[in-house]
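Trainee: Next up is a structure, given as C-alpha cells.
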Amino acid sequence: MALLEVENLQTHFRTPGGINRAVDGVSFHVNEGETLAIVGESGCGKSVTSMSLMRLIPEPPGRIAGAIRFAGRDLLQLPDREMRAIRGNDISMIFQEPMTSLNPVLTVGRQIRETLMMHQGLDKQAAEVRAIEMLTLVGIPEPKRRVREYPHQLSGGMRQRVMIAIALACNPKLLIADEPTTALDVTIQAQILKLMLDLKRRVGAAIILITHDLGVVAEIAERVMVMYAGRKVEEASVAELFRAPRHPYTQGLLGAVPRLGSSLSGASKRLAEIPGQVPDLRKPITGCVFAGRCPLVTDLCRQYAPGLEEKGPRHIAACHYAAKGAVAA
Amino acid sequence: MSPPLLQVNDLKKHFPVRAGLFGPRSERVYAVDGVSFEIERGETLSLVGESGCGKSTVGRAILRLFDVTAGQVILDGQRIDDASPSALRQMRRRVQVVFQDPFSSLNPRMRVRDILAEPIRNFGLAKSAADLDARVASLMDTVRLPREALNRRPHEFSGGQRQRIGIARALAAEPELIVCDEAVSALDVSVKAQIVNLLQDLQREFGLALLFISHDLAIVEHMTHRVAVMYLGKIVELAPKQEIFAAPSHPYTQALLSAVPLPEPGAARSPIILRGDVPSPINPPSGCRFHTRCPFAFDRCRIEEPQLRATGSDQWVACHLDEPPQGWRP
C-alpha cells in the first residue's frame, strides 16, 4: 500500500481578481522509501501542493478539497491537534531558504531539541545528546560547538544541513523537500545532494522533492510528476521520462535546458523555446491548459481537456496527441 | 591592430568593514583582488564562480558604479576608472547593464515608453521628437515585444517580458558592451531559453560584446566564447570555452563542472565533492586561496600564491600543479 495517496487535490485561493485555482485536481501517490519529484515552473502549483499536504495553507483565503491519505488516515479530516502531532514527526519538511526558516534568536541546538522534546517526549539532556548526534549525521564538523551557535554564525550550506537535521530528528516516514538546494552554490549543492542520497539509504524515509531543476531530478528521484498550471500533465519513472517524454510541455522543458558539454560537439546552436506564458489561473480554463503554447494544438485541444492516459509502461500524460507505445521522442 | 574593446588590468576592490557594530573600520573585504582580462568587440566573456567570488563586483567596477581600489579599466584605449565626469558620460553610453531582477531594476512608476526614451534623451541620440518615437518603437520590435505595450507600466508584464524591457533599455544607448549580471538567473526554464536566444540574436545583429556574469554553467557553455573562473576575488582559470568545458585545468574548475547535476538519469559521473565552504574574503587563506578545499594541495600551495600563467595559446591557469620548477627556463 502506498504511504501517501493524494486524490483530486484542489487548493484554491480567493483573490480580488477571482478564485485562483493554484492546484486543480491533482492525484498522486508515494510509496514507502520512494523518492518522487514534482517538477514545474513558477506558479505551476508544486509548492502549493506540498504546503497543502502539510495543511500549511491559511484558510481563508485558501481552501483545500480532495483527500490526502497518509498511512490510511485522511489528513484533511484530522483535528488540528492530531495534525500537529504528524507535522515535524511523521511528515517533515525542508524549505529553500534556510535563513528564513530557522529562528534567528535561538541556537540551532535548541531548535533541534524543540522538535525532539515535543514529539518524542525526550528530556532536555537526552534531546541535547540526540541533537549532537543529528548534527554529526548531517556532516557538521565540531557538532558539540555548533549546537550552541546561532543560525547567522553558519554558512548557507551548514544552515541547510541543520534544517535537514531538524527534519530528520524524529525519523519521519515522509520528507518533503521544497527546492532544498536552489539557494545554494553548485559545490555546496553537490554536498547536500550527496547527503540526501546517503541519508535516504540510511534512514529510509520517502521523499517528495519539489524542484525546477531537471538535473537535480535526474540525480536523486525515482519517479517524476510534471505539473503545469495547477494540473498534473505527465508522470513516469525518471529513466522513462528523460528517455521518452510524451507531453509537449515536458518535451519543451527538456529542450530548453542546455546540457553541459552539448555545445562542444557542435550540436544544437539554439535552445528550444516554449513560446508565450502560463495562463492566468484566475480565469476558468476550458480545454487543455497547455493549448495556448503547444506546437501540436488543434481545435480539439481548445475545447476538451485531455485526461491522463497511459502512454507507455507506467507512464501517463494528459495530451490528445502524445504518442502511445514505445516511441522515443 | 586596434586595442581590445575592454581591458581590465590588475583590478582591485576592497570594501572596509567595521569590527563590531561601532568599531573602527579596521578590516577589509578583499572582494576583487587583482583581476585582469580583455574583451574583444562582439565577444562574450563569462565570469563564473560561486557567491562571494567577486564576479558581480568586477561587473560593477567596469560600469564604474563605485571607484576601484587599484588597477585600471580601459575602454577602447581610454581609462574609465579615473575618467572625469564629462568623459565618463560618453563612456557610460558605450557600456550598459542588464540586471538579474527585472522586478527591482525597472522603475514601477514609469511607462515603458519613458523607460526606453530616457537613455536616448540622456545621451542626445534622437534628432527630433519623431526620431525618438521611432527609436523607441523599433526597440520594442528588436526585443520582440508588441508596440502597443509602450503605454503600460512594468507591473503589467511577466518576468520574461520585463527582462526584455531591461534589455531594450540597455540597447537604447547603442552600447558596444553589455554587462549581463545574472541576467537570466531569476527566470523560469522556458523563459530563460527565450532570453538566451534573444541575447545571442542581438549580439549577432549589433556586434555587441557581452560580459556575462553567471553561476549557471550550462547556460554559460551555451552562450560564451571565453570563460574566466573566479574564486575569492581572483581569476583561477581563463580560457576559451572549448578548453574550460572539455579539458579544465584548475582543480576548482574541475570541481565546479563536476558538481553540476546533469539532466540524464544514470549518467556515469563521479562528482568531485569539495570539503567545507568558501572561506571568508575578509581573511582569505594564505598562498593559493583554494588550498583549504583543494584535493591536490601540497606545502607550496599554503605558502606561495600561484600566478596566472599561460598553459596554451589562450589558456591561463593559476595553479602550482604541473608548474615547471622555479628557475626553470625553456
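Trainee: For chain A, just give the cysteines left without a disulfide-compatible partner, judged by no other Cys Cβ under 4.7 Å.
Mentor: A:CYS44, A:CYS170, A:CYS294, A:CYS319 - these cysteines have no disulfide-compatible partner (Cβ-Cβ under 4.7 Å) in chain A.
Trainee: When chain B is treated as a GNM, springs tying every alpha-carbon pair under 10 Å, which of B:GLY266, B:GLY71, B:GLY42 comes out with the largest mean-square fluctuation?
Mentor: Result: B:GLY266 has the largest fluctuation of those listed.
Trainee: Find the eigenvalues of the gyration tensor of the Cα atoms of segment A:112-238, then list the square roots of 5 times those eigenvalues as equivalent ellipsoid semi-axes, largest first, in whole angstrom.
Mentor: Whole-Å semi-axes of the equivalent ellipsoid: 29, 17, 12.
Trainee: Another question, then. Only protein chains counted, 1.4 angstrom probe. Which residues of segment B:246-286 are at least 40 Å² less accessible in the assembly than when their chain is isolated?
Mentor: At a threshold of 40 Å² (probe 1.4 Å), the residues of segment B:246-286 that become less exposed are B:ALA259, B:PRO261, B:LEU262, B:PRO263, B:PRO265, B:ILE273, B:ASP277.
Trainee: How about segment B:146-240: which trypsin sites (Lys or Arg not before Pro) there are in a DSSP loop, with at most 16 other Cβ atoms within 10 Å of their Cβ?
Mentor: For trypsin sites (Lys or Arg not before Pro) across segment B:146-240 that sit outside H, G, I, E and B with at most 16 neighbouring Cβ atoms in 10 Å, the list reads B:ARG152.
Trainee: Now, a different point. Through the Karplus equation 6.51 cos²θ - 1.76 cosθ + 1.60, θ set to phi - 60°, convert the phi angles of segment B:114-122 into ³J(HN,Hα) values in whole Hz; use x for Gly and Pro.
Mentor: Calculated HN-Hα couplings, in order: 6, 4, 7, 6, 4, x, 5, 5, 3 Hz.
Trainee: Here's another thing I want to ask about it. For chain B, give me every cysteine whose Cβ has no other Cys Cβ within less than 4.7 Å, ordered by residue number.
Mentor: Lacking a cysteine Cβ partner under 4.7 Å: B:CYS53, B:CYS180, B:CYS294, B:CYS319.
Trainee: Something else: Given a Förster distance of 60 angstrom, what is the FRET efficiency for B:ARG153 paired with B:ALA70, based on the Cβ-Cβ distance and rounded to 0.05?
Mentor: 0.90
Trainee: Continuing with this model, one more query. Applying the Karplus parametrisation 6.51 cos²θ - 1.76 cosθ + 1.60 with θ = phi - 60° to the phi angles of segment A:42-51, what ³J(HN,Hα) value in whole Hz is obtained for each residue in order, glycine and proline being reported as x?
Mentor: My calculation for segment A:42-51 gives 3, x, 7, x, 5, 6, 5, 4, 5, 5 Hz in order.
Trainee: Check the straight Cα-Cα distances from B:LYS241 and name the lysines below 26 Å, setting aside those fewer than 8 residues away within the same chain.
Mentor: Within reach: A:LYS269, B:LYS12, B:LYS55, B:LYS192.
Trainee: If you don't mind, there's one more thing I want to ask. Scan around B:VAL143 for amide H atoms under 5 Å from its own, H built in the peptide plane at 1.01 Å from N, and keep only partners 5 or more places away or cross-chain.
Mentor: none
Trainee: If amide hydrogens are placed 1.01 Å from N in the peptide plane, which non-local residues have theirs closer than 5 Å to the one on A:GLY45?
Mentor: So A:GLY45 has HN proximity to A:GLY230.
Trainee: Using a 1.4 angstrom probe on the protein heavy atoms only, line up A:LEU264, A:LEU3 by accessible area, largest first.
Mentor: So the residues, ranked largest to smallest area, are A:LEU264, A:LEU3.
Trainee: Still on this structure, please answer the following. For a quick check: with amide H placed at 1.01 Å from N, whose amide H comes under 5 Å from A:GLU309's, ignoring anything fewer than 5 positions away on the same chain?
Mentor: Amide H neighbours of A:GLU309: A:ALA317, A:ALA318, A:CYS319.
Trainee: At 25 °C and a viscosity of 0.890 mPa s, what translational diffusion coefficient does Stokes-Einstein give for segment A:97-171, taking Rh as the Kirkwood radius over Cα pairs? Give it in µm²/s as a whole number.
Mentor: It diffuses with D of about 207 µm²/s by this estimate.
Trainee: Compute the accessible area of each residue in segment A:229-267 twice, once for its chain alone and once with every protein chain present, using a 1.4 Å probe on heavy atoms, and list those whose area falls by at least 40 Å².
Mentor: With the partner chains in place, segment A:229-267 has these residues losing at least 40 Å²: A:PRO258, A:ARG259, A:LEU260, A:SER263, A:LEU264.
Trainee: Taking Cα atoms, how many degrees apart are the long axis of helix A:186-203 and the longest axis of chain A, rounded to 10 and kept between 0 and 90?
Mentor: Tilt relative to chain A: about 80 degrees.
Trainee: Could you compute how much accessible surface A:CYS44 exposes when probed at 1.4 Å, giving the result in Å² to the nearest 10?
Mentor: Surface accessible to solvent at A:CYS44 totals approximately 10 Å².
Trainee: Which shape class applies to segment A:182-246: rounded if a/c is under 1.5, otherwise prolate when a/b exceeds b/c and oblate if not, where a ≥ b ≥ c are the square roots of the Cα gyration tensor eigenvalues?
Mentor: prolate
Trainee: Turning to a different aspect of this structure: Under the rule a/c < 1.5 gives rounded, and otherwise a/b versus b/c splits prolate from oblate, where does segment B:6-322 land using the Cα gyration tensor?
Mentor: Prolate, because a/c is 1.5 or more and a/b exceeds b/c.
Trainee: With n ≥ 4 as the cut-off for DSSP H runs, can you work out [θ] at 222 nm for the protein assembly as shown, using -39500 (n - 2.57) per run divided by the number of residues, rounded to the nearest 500?
Mentor: Computed mean residue ellipticity for the protein assembly as shown: -9000 deg cm²/dmol.
Trainee: For a quick check, take a GNM of chain A with Cα springs below 10 Å and name the residue from A:SER262, A:SER237, A:SER92 with the largest mean-square fluctuation.
Mentor: Of the options given, A:SER262 has the highest mean-square fluctuation.
Trainee: In segment B:237-330, what percent of the accessible surface is made up of carbon and sulfur (1.4 Å probe, ligands and nucleic acids excluded)?
Mentor: For segment B:237-330, the apolar C and S fraction of the accessible surface comes to 55 percent.
Trainee: Please report the net charge: other residues with Cβ closer than 12 Å to the Cβ of B:LEU88, K and R +1, D and E -1.
Mentor: Neighbour charge sum, excluding B:LEU88 itself: +3.
Trainee: What does the net charge come to around A:ILE68 if you take all other residues with beta carbon closer than 10 Å to its beta carbon, with K and R at +1 and D and E at -1?
Mentor: Cβ neighbours under 10 Å give a net charge of 0.
Trainee: Something else now. Assign one of three labels to segment A:1-107, namely rounded, prolate or oblate, based on the Cα gyration tensor with a ≥ b ≥ c the square roots of its eigenvalues; rounded applies when a/c is under 1.5, prolate when it is not and a/b is larger than b/c, and oblate otherwise.
Mentor: rounded
Trainee: Determine, from the Cβ-Cβ distance of A:GLU309 and A:LEU76 and an R0 of 41 Å, the FRET efficiency 1/(1 + (r/R0)^6), rounded to the nearest 0.05.
Mentor: 0.90
Trainee: Can you give the accessible area buried between chains A and B, summed over both chains, with a 1.4 Å probe, in Å² to the nearest 100?
Mentor: 3600
Trainee: If you restrict to DSSP beta bridges whose two residues both lie in chain B, what percentage is antiparallel, to the nearest 5?
Mentor: Of the beta bridges lying entirely in chain B, close to 60 percent run antiparallel.
Trainee: I've got another one for you. Do any residues of segment A:160-193 show a loss of at least 10 square angstrom of accessible area between the isolated chain and the full protein assembly, using a 1.4 Å probe, and if so which?
Mentor: A:ASP185, A:VAL186, A:THR187, A:ILE188, A:GLN189, A:ALA190, A:GLN191
Trainee: On the accessible surface of chain A, probed at 1.4 Å, how many percent belong to carbon and sulfur atoms?
Mentor: 52
Trainee: A further question on this structure: When only Cα pairs under 8 Å and 6 or more residues apart are kept, what is the percent relative contact order across segment A:4-139?
Mentor: Reported as a whole number, the value is 21 percent.
Trainee: So how strong a dipole does chain B carry about its Cα centre when Lys and Arg Cβ are +1 and Asp and Glu Cβ are -1, to the nearest 20 debye?
Mentor: Magnitude of the dipole: close to 880 debye.
Trainee: Once you charge only the Cβ atoms, +1 for Lys and Arg and -1 for Asp and Glu, what is the size of the charge dipole of chain A about its Cα centre, to the nearest 20 debye?
Mentor: 260
Trainee: Springs between alpha-carbon atoms under 10 Å, Gaussian network over chain A: tell me which of A:THR100, A:THR136, A:THR35 tops the mean-square fluctuations.
Mentor: Comparing A:THR100, A:THR136, A:THR35 in the GNM, the peak value goes to A:THR100.
The values are calculated or read from the model by the stated rules, or taken from the named source; none is laboratory data. Nothing here was measured: the structure is a model prediction, and the numbers come from that model. Note: ideal-geometry Cβ built from the backbone for every residue, glycine included; neighbour counts use all protein chains shown. What goes into the accessible areas is simple: the full protein's heavy atoms, side chains included, and nothing from ligands, DNA or RNA. Shrake-Rupley method; radii C 1.70, N 1.55, O 1.52, S 1.80 Å.
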